[in-house]
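Notes to accompany the following structure.
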Amino acid sequence: MERISIEQAIRELGKTVRVAGYVHEFRNLGKIKFILLRDQTGIVQVITRDDIELNREDVIDVIGDSVKSDIAKAGVEIKAKRIEIISRVRRKIPVDPAGYVPTDFDTRLKYRFLDLRKAEVRRIFEIKSKIINSYRNSLLKRGFVEIHPSLIIGAASEGGAEVFPVDYFERKAYLAQSPQLYKQMAVIGGLERVFITLPIYRAEKHNTIYHLNEAISLDVEMGFIDDHRDVMRILKTVVLEMLDSVKDMVNIDVEDIKIYSYEEIVKLLNENNVHINIGEDLSKEHERKIYEILGEELYFIEKFPTKIRAFYTMPDDDIYSRSFDLFFRGLEIASGAQRIHDVDMLERALIDRGLKLEDFDFYLEAFRYGVPKHGGFGMGLERFVMQLLRLNNIREAMLFPRDRTRLIP
Ligand code: AMO
């Protein structure tokens, strides 16, 4: 007989079923014993007259009749004909899966395999799975191709020092902090529209509730665009479809995503007594204030000063660039731009930022054989999930998060 889910067993009233799961609760009333049995789909009461003693979280396999019950919560219970004990709990459980006893976050992460026995924790990862699949489907439908650039790279992709070095035979290599240079080369090569769903690694030393040292980056790069607005349109469509894919699980109502310019935002902040100069990057404090002022769930800020963006960003005029960030409930969740496609301009941009041309030789070479106008974005999957579910720490959205102090499990 095949095992079915508890959810299904409850629907199979009057039939003999086989279910398996964890003992959620056990009550021994002498002749008769009540077991609350839990699997991923729900909880059902099992009754037995067997001479059996169980502990919470023991794993059992039950064959029995699904019958009507006036007392059981589901209105159905299972009269056991055979109970097999698969595995018994051997130690005192450090995380209470039933949720009666609260557990601190560190212990929860240390025993993530127990933490996951809670429906509300599993829900985060069920939603994350839906979100990433909807991102994929949304882009596949529009002619994008998923690519898998290497995560081991020879030069830091964003400039910057925040990379993890690795030993690569006799040489030094790094874990990719972004697939930036490679997604551009794929587009220049002729894969006109590409996307990526791979981890990025950032050796940021600070511990914040918004940063992970390993995160999933949802990247896009597209060729033959006119400017960054083409990229923003795709990002908007994809994000609205991602939200739509979880509408039966999460209550959020967003129909449109407005665009504000950096200049407008600086003016707005100053009008609201938050002093900021043109040319300054937005701090977390600024971002929080902007959310408070605008009161919108999602919004774009575009045309940041070129000076505060990565070297590959296309300038729009002497000061501003064709760049944008997407904010979700006040937190930056995505960042993108039109890219420089002229190799001379690109070399100047690298030099201006004090970066060495020879480190970028392999990349610059790609710009010497015909380059379409192109642009793209990178969106943090965990940041998206964190904001969507109003989680108070980004680590909640990563199954086994990596941070300054956490390398196991
Ligand atoms: P940027 O560095 O802004 O842009 O990163 C893009 C998005 O990735 C997410 N993110 C992170 N999430 C969690 N922890 C981190 N340490 C972390 N770092 C980044 C954020 C952020 O908005 N190459 C460009 C993108 C592009 O222009 O296409 C880039 O990497 O959600």
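When the range 331-347 is filtered for residues that are within 13 Å of the ligand (Cβ to nearest atom) and open to solvent by 10 Å² or more (accessible area, probe 1.4 Å), the ones remaining, listed by number, are GLU332, SER335.
In this structure, ASN272 qualifies as more than 16 Å from the ligand (Cβ to nearest atom) and modelled with pLDDT of 95 or more.
Only a single criterion out of (1) more than 25 Å from MET185 (Cβ to Cβ); (2) free of Cβ contacts under 8 Å to residues at least 40 places away in the same chain; (3) assigned to a helix (DSSP H, G or I) is not satisfied by ASP248, namely (3). Total residues in the range 76-89 satisfying the condition of being closer than 20 Å to ILE52 by Cβ and open to solvent by less than 40 Å² (accessible area, probe 1.4 Å): the figure is 4.
Checking VAL254, VAL238, VAL246, VAL266 one by one, the residue that is of a type in the set (Val, Ile, Thr) and within 16 Å of the ligand (Cβ to nearest atom) is VAL238 and no other. MET185 meets the conditions (1) open to solvent by 50 Å² or more (accessible area, probe 1.4 Å); (2) out of contact with any strand residue (DSSP E or B) (no Cβ under 7 Å at 6 or more places or on another chain) in every case but one. The failed one is (1).
Could you pull out the residue among LYS92, LYS73, LYS33 that is surrounded by 15 or more Cβ atoms within 10 Å (Cβ to Cβ) and free of Cβ contacts under 8 Å to residues at least 40 places away in the same chain? Testing whether each residue is surrounded by 15 or more Cβ atoms within 10 Å (Cβ to Cβ) and free of Cβ contacts under 8 Å to residues at least 40 places away in the same chain leaves just LYS33. Annotation note: Cβ proximity below 9 Å between a residue of the range 295-307 that is within 14 Å of ILE252 (Cα to Cα) and in contact (Cβ under 8 Å) with a residue 12 or more places away in the chain and a residue that is part of a strand (DSSP E or B) and open to solvent by 10 Å² or more (accessible area, probe 1.4 Å) (sequence gap 6+ or interchain) occurs for GLU296/LYS258; LEU298/LYS258.
Just one residue in the set ASP65, ASP61, ASP70 is assigned to a loop (DSSP other than H, G, I, E, B) and over 25 Å from PRO94 (Cβ atoms); that residue is ASP70.
Considering only the range 1-56, state which residues are under 36 Å from the mean Cα position of the chain (by Cα) and among the acidic types (Asp, Glu). Once the filter is applied, which keeps residues that are under 36 Å from the mean Cα position of the chain (by Cα) and among the acidic types (Asp, Glu), the range 1-56 yields GLU2, GLU7, GLU25, ASP39. Only one of the numbered conditions (1) away from the ligand (no atom under 15 Å from the Cβ); (2) buried (at least 16 other Cβ atoms within 10 Å of the Cβ); (3) acidic (Asp, Glu) is violated by GLU214, and that is (1).
Exactly one residue out of GLU287, GLU296 is more than 16 Å from the ligand (Cβ to nearest atom), within 25 Å of LYS128 (Cα to Cα) and under 31 Å from the mean Cα position of the chain (by Cα), and it is GLU296.
Being crowded, with 17+ Cβ neighbours inside 10 Å, closer than 24 Å to GLU146 by Cβ and either in contact (Cβ under 8 Å) with a residue 24 or more places away in the chain or under 31 Å from the mean Cα position of the chain (by Cα) (or both) is not true of PHE362. Would you check if there is a residue in the range 254-269 being part of a helix (DSSP H, G or I), within 26 Å of GLU162 (Cα to Cα) and open to solvent by 30 Å² or more (accessible area, probe 1.4 Å)? No, the range 254-269 contains no residue that is part of a helix (DSSP H, G or I), within 26 Å of GLU162 (Cα to Cα) and open to solvent by 30 Å² or more (accessible area, probe 1.4 Å).
Among residues of the range 306-330 being away from the ligand (no atom under 13 Å from the Cβ) and β-branched (Val, Ile, Thr), the one that is most open to solvent (accessible area, probe 1.4 Å) is ILE319. Considering LEU13, LEU54, the condition of being outside any strand (DSSP E or B), touching a strand residue (DSSP E or B) at 6+ places or on another chain (Cβ under 7 Å), of a type outside the set (Asp, Glu) and open to solvent by less than 30 Å² (accessible area, probe 1.4 Å) is satisfied by LEU54 alone. Criterion applied to ASP219, ASP248, ASP281, ASP226 was being open to solvent by 60 Å² or more (accessible area, probe 1.4 Å) and in contact with a helix residue (DSSP H, G or I) (Cβ under 8 Å, 6 or more places away or on another chain), and the one residue passing it is ASP281. Filter the range 164-182 down to the residues that are open to solvent by 20 Å² or more (accessible area, probe 1.4 Å), within 13 Å of the ligand (Cβ to nearest atom) and touching a strand residue (DSSP E or B) at 6+ places or on another chain (Cβ under 7 Å) and list them by number. If the condition is that a residue be open to solvent by 20 Å² or more (accessible area, probe 1.4 Å), within 13 Å of the ligand (Cβ to nearest atom) and touching a strand residue (DSSP E or B) at 6+ places or on another chain (Cβ under 7 Å), then PHE164, LEU175 are the ones that fit. Taken together, ARG136, ARG171 contain a single residue that is under 17 Å from GLU221 (Cα atoms) and charged (D, E, K, R), which is ARG136. Would you confirm whether or not the range 252-261 contains a residue that is farther than 30 Å from PHE125 by Cβ and not hydroxyl-bearing (Ser, Thr, Tyr)? Scanning the range 252-261 turns up at least one residue that is farther than 30 Å from PHE125 by Cβ and not hydroxyl-bearing (Ser, Thr, Tyr).
The values are calculated or read from the model by the stated rules, or taken from the named source; none is laboratory data. Quick caveat, the model's predicted, so the values are computed rather than measured. Note that each Cβ is placed from the backbone with ideal geometry, even for glycine, and that neighbours are counted across all protein chains shown. All accessible areas refer to the heavy atoms of the entire protein, side chains included, with ligands and DNA or RNA removed. Shrake-Rupley method; radii C 1.70, N 1.55, O 1.52, S 1.80 Å.
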